[in-house]
Amino acid sequence: MKEWYNKINKAINIDALEEVRIALFGKRGLLATEFAKMKDVPNEQKAQFAKDLNAHKQNLMNEFTAKKIALETEALKEAMKAEAIDVSMFSTSSSAGALHPVMETMDRIVEYFSSMNFAVKTGKMVEDDFHNFEALNLPKYHPARDMQDTFYFKDEMLLRTHTSPVQIRTMLEMKPPIRMIAPGAVFRRDYDLTHTPMFHQIEGLLVDEVGKVSFANLKFILEDFLKYMFSDVAVRFRPSFFPFTEPSAEVDISCVFCKGEGCRVCSHTGWLEVLGCGIVDPNVFEAVNYKDVSGYAFGLGVERFAMLIHQIGDLRSLFEGDIKLLEQFQ
Ligand code: DAH
């Protein structure tokens, strides 16, 4: 049996060792053959015979296990050597990063309004009830609050539901005239194909002396802006309601998918709603102590713009960080 110890130790790799294992410990292997001889051994020697054989078996097993571990360690070392990465080597396949489509869209919008002399303002994401609702003519228990449910903290603090509170912050901080936009994240208790709990808005506000600001001014700038963003689109204003503007309007563009023919995306109307706007309600000016002024305001959702510009079907995909989607915007 000595030679079997040698066989184990001479196995040059795992495959060779496996062959030795079968020949030794297999069903028809050496040990099985030796154990089978037991029946021919005289009864009084049987015990000793079995004891010797079992001792051998144990030793061979130990030898085998030790060899196996040694060969596996060797193989692992070889594999690591073969796969080692030379970190000093140049890679030709590095890919450039790109702005997220939402940020890129936001930048374009800001660019337009900056060129029209609107200053960029930021407010607070954790806002209070006064700025987010009360001062915007949305008193407690006003039904319009239902559409903007959010996360509430104690002491009347909340995650802002729109960028409109930045209007209030700016007016409390500055004297008129005002021309500002406010881009930023907002939060609502919504989640479906076209809504996420966090999204981005851009607010706009212009305030000047009475008589200097008209709905016609508002209409002109928004039409110009929408043509800048979507080039060849028709724009229409529909009467609507917002507590902080009077009169209020919602603005539609002709559907960018079907060019106004009617399709699934525009619910076969040929139009897509893209923003809300209006003439600032006198109650808002009263809340910030502005007298003898007039103004217009507007607000839009950045994700909605990004989806229409890039023809993205599911809003939620913008937040999944899927590299395949993001790579398309490089
Ligand atoms: N704050 C509104 C919203 O989140 C959007 C909006 C509509 C803003 C009309 C305005 C406005 O400034 O005049 O739904």
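The values are calculated or read from the model by the stated rules, or taken from the named source; none is laboratory data. From a predicted model like this one, the values you see are computed outputs, not experimental measurements. So basically every Cβ, Gly included, is an ideal-geometry build from the backbone, and we count neighbours across all protein chains shown. Accessible surface areas use protein heavy atoms only, side chains included; no ligands, DNA or RNA. Shrake-Rupley method; radii C 1.70, N 1.55, O 1.52, S 1.80 Å.
Table for the structure above
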item	result
Hz values of 3J(HN,Hα) by residue in the stretch 259-270 - Karplus curve (6.51, -1.76, 1.60), Gly and Pro given as x	6, x, 6, x, 8, 5, 4, 9, 6, 6, 9, x
Nearby aspartates and glutamates by direct alpha-carbon distance to Lys37 (threshold 16 angstrom, same-chain neighbours under 8 apart not counted)	Asp52
Angle in degrees between helix 43-83 and the longest Cα principal axis of the chain, rounded to the nearest 10	40 degrees
Cα-based Kirkwood hydrodynamic radius, the stretch 2-83, one decimal, Å	14.2 Å
Principal-axis tilt of helix 101-115 within the chain, Cα atoms, nearest 10 degrees	30 degrees
Segment Val41-His142, extension gain: residue separation times 0.36 nm, minus the distance between their alpha carbons	26.2 nm
The chain - Cys residues lacking any other Cys C-beta under 4.7 Å	Cys277
Residue range of the chain that is longest and free of GluC sites (Glu not before Pro) which are both DSSP loop and sparsely packed (at most 14 other C-beta within 10 Å)	1-155
For the stretch 297-303, 3J(HN,Hα) per residue [Karplus equation, 6.51 cos²θ - 1.76 cosθ + 1.60, θ = phi - 60°, Hz, x = Gly/Pro]	9, 8, x, 9, x, 5, 4
Simple Cβ-charge dipole of the chain, Lys/Arg +1 and Asp/Glu -1, about Cα centre, in debye nearest 20	1500 debye
Value in Å of the Kirkwood radius, where the stretch 126-186 supplies the Cα pairs that are averaged	12.2 Å
Solvent-accessible surface ranking, highest first, for Trp4, Trp271 at 1.4 angstrom	Trp271, Trp4
Solvent exposure of the chain as accessible area per residue, Å², 1.4 Å probe	59 Å²
List Tyr228, Tyr296, Tyr5, Tyr141, ordered by accessible area with a 1.4 Å probe, largest first	Tyr141, Tyr228, Tyr5, Tyr296
Cα centroid of the stretch 309-323 to Cα centroid of the stretch 252-308, whole Å	22 Å
Helix 215-230 vs. the chain, principal-axis angle (Cα, 0 to 90°, nearest 10)	30 degrees
Coarse-grained scattering of the chain at q = 0.08, 0.09, 0.11 Å⁻¹, given as base-10 log I(q)/I(0) from a Debye sum over alpha-carbon atoms	-0.54, -0.60, -0.78
Cα centroid separation - the stretch 192-207 against the stretch 226-240, whole Å	18 Å
Cut-off of 10 Å, at most 15 other beta carbons, DSSP loop: longest stretch of the chain lacking such trypsin sites (Lys or Arg not before Pro)	29-123
Sequence of Phe244, Phe90 from largest to smallest accessible area, 1.4 Å probe	Phe90, Phe244
Above-threshold pairs, the threshold being 21 Å between Cα atoms, out of Lys39/Lys68; Lys219/Lys291; Lys2/Lys51; Lys124/Lys154; Lys7/Lys27	Lys39/Lys68; Lys219/Lys291
With every protein chain in place, the chain: carbon and sulfur % of accessible area (1.4 Å)	55 percent
